[in-house]
1. Suppose we filter 145, 168 for residues that are of a type in the set (Ser, Thr, Tyr), farther than 20 Å from residue 242 by Cα and open to solvent by less than 50 Å² (accessible area, probe 1.4 Å); which single one remains?
2. Under the condition of being near the ligand (Cβ under 10 Å from one of its atoms) and not in a loop (DSSP other than H, G, I, E, B), which residue from region 37-74 is farthest from residue 4 (Cα to Cα)?
3. Is it the case that some residue within region 113-132 is among the basic types (Lys, Arg) and within 15 Å of the ligand (Cβ to nearest atom)?
4. Examine region 114-129 for a residue that is within 28 Å of residue 8 (Cα to Cα), of a type in the set (Lys, Arg), in contact (Cβ under 8 Å) with a residue 12 or more places away in the chain and open to solvent by 30 Å² or more (accessible area, probe 1.4 Å), and state whether such a residue exists.
5. Could you list, in sequence order, the residues of region 192-240 that are part of a loop (DSSP other than H, G, I, E, B), open to solvent by 20 Å² or more (accessible area, probe 1.4 Å) and more than 11 Å from the ligand (Cβ to nearest atom)?
6. Are there any pairs, at least 6 apart or on different chains, whose C-beta atoms fall under 7 Å, with the first in region 7-22 and part of a strand (DSSP E or B) and the second open to solvent by less than 20 Å² (accessible area, probe 1.4 Å) and within 6 Å of the ligand (Cβ to nearest atom), and if so, which?
7. Return the residues of region 171-187 that are in contact with a Gly (Cβ under 7 Å, 6 or more places away or on another chain) and surrounded by fewer than 20 Cβ atoms within 10 Å (Cβ to Cβ); say none if nothing qualifies.
8. Could you look through region 75-99, keep only residues that are under 21 Å from residue 160 (Cα atoms) and open to solvent by 30 Å² or more (accessible area, probe 1.4 Å), and pick out the one that is farthest from the ligand (Cβ to nearest atom)?
Amino acid sequence: MRDTLRGKTALVTGGATRIGRELCLALAENGANVVIHQRRGDDQGSELAAALTGRGVDAWRVEADFEKPDEYESLIARAAAQAGRLDMLINSAAIFPAGALEDVTLPDVHRAMQVNAWVPFVLSRDFARLAGKGKIINLLDTRISGYDWTHAAYILSKHALALLTRMSALRFAPAVAVNAIAPGLILPPAGKGGDYLDALAGTVPLQRHGAPRDVAQAAMYLLRSEFVTGQVIYVDGGMHLAEGSHGPHPHQ
Ligand SMILES: NC(=O)c1ccc[n+]([C@@H]2O[C@H](COP(=O)([O-])OP(=O)(O)OC[C@H]3O[C@@H](n4cnc5c(N)ncnc54)[C@H](OP(=O)(O)O)[C@@H]3O)[C@@H](O)[C@H]2O)c1
């Protein structure tokens, strides 16, 4: 079972940092080659590529700004040309803009929809066409079990990606499996530190916050599975179970 990813190649969007980085490291630990996507290449990307090759797999880097169609529309072809093949796609890159429903604008919604839902879908469709078979994972958010009133454009985009996960799973079957992971309290948002996580850990049913490793473990399961598609795994310590009130998210 452990070796089923060996020799296969994955493209991880937003792969150089945070959860994306952990996904790349887990892939390498399981013998998979990795194409690390970044908006713009930097030292973090080259250091991660070196760390991956140090684990005995191949690693490449590819750039694309998800707000620029001429960049993201060629991403799958460029990644496949570099690596020679693509077997897996993990859509992790995203933006998390603040903004209440009362204030959200069409440009806010357009930008979040483009980066968080449209581009992952375009990459998935291109992957299905080009690779012919394989596995796709979309990163959602446990907040889709509620409304997240303070990130209106973001939550709309993650709901759209959740629906696209189900639609793609049906349309791309049987050759391509499409699943999702909905993380909860894993890493603090920009500008917040570890104390943010500690302060909120008590709001999680399992009374702790998670770690990028927890997301990577779920991803490795989905990438190995041969009989799961259209599924969402909530890696959130049970947070989605407490979201039925549709009120303000307790993370705020
Ligand atoms: N962290 C959590 O606790 C948590 C909780 C729930 C859901 N999630 C979801 O899990 C995934 C990973 O989370 P994360 O916190 O690791 O993500 P993140 O740090 O917020 O973002 C990941 C990457 O997305 C890239 N990105 C943003 N805008 C882009 C654009 N226009 N073009 C290309 N790349 C762009 C960023 O690149 P730049 O650095 O160049 O901007 C960054 O490297 C996301 O989909 C997120 O929504 C995370």
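1. Values: 145 fails: farther than 20 Å from residue 242 by Cα.
None of the others qualify; the one that does is 168.
2. 71
3. no
4. First, the residues of region 114-129 that are within 28 Å of residue 8 (Cα to Cα): 115-129.
Checking which are of a type in the set (Lys, Arg) leaves us with 125, 129.
Okay, now just the ones that are also in contact (Cβ under 8 Å) with a residue 12 or more places away in the chain, so 125.
If we keep only those that are open to solvent by 30 Å² or more (accessible area, probe 1.4 Å) too, we end up with 125.
Checked against the condition, which is being within 28 Å of residue 8 (Cα to Cα), of a type in the set (Lys, Arg), in contact (Cβ under 8 Å) with a residue 12 or more places away in the chain and open to solvent by 30 Å² or more (accessible area, probe 1.4 Å), region 114-129 yields at least one hit.
5. Restricting attention to region 192-240, the residues satisfying the condition of being part of a loop (DSSP other than H, G, I, E, B) are 192-193, 204-211, 225-231, 236-238.
Okay, now just the ones that are also open to solvent by 20 Å² or more (accessible area, probe 1.4 Å), so 192-193, 205-209, 211, 226-231, 237.
Answer for region 192-240, where residues must be part of a loop (DSSP other than H, G, I, E, B), open to solvent by 20 Å² or more (accessible area, probe 1.4 Å) and more than 11 Å from the ligand (Cβ to nearest atom): 193, 205, 206, 207, 208, 226, 227, 228, 229, 230, 231, 237.
6. So the pair list comes out as 12/20.
7. Correct list: 175 only.
8. Among them, the one singled out is 98.
The values are calculated or read from the model by the stated rules, or taken from the named source; none is laboratory data. Keep in mind that what you see is a predicted model, and the values were worked out from it rather than measured. Positions of Cβ are backbone-derived with ideal geometry, glycine not excepted, and every protein chain shown enters the neighbour counts. These area figures cover heavy atoms from the full protein model, side chains too; ligands, DNA and RNA do not enter into them. Shrake-Rupley method; radii C 1.70, N 1.55, O 1.52, S 1.80 Å.
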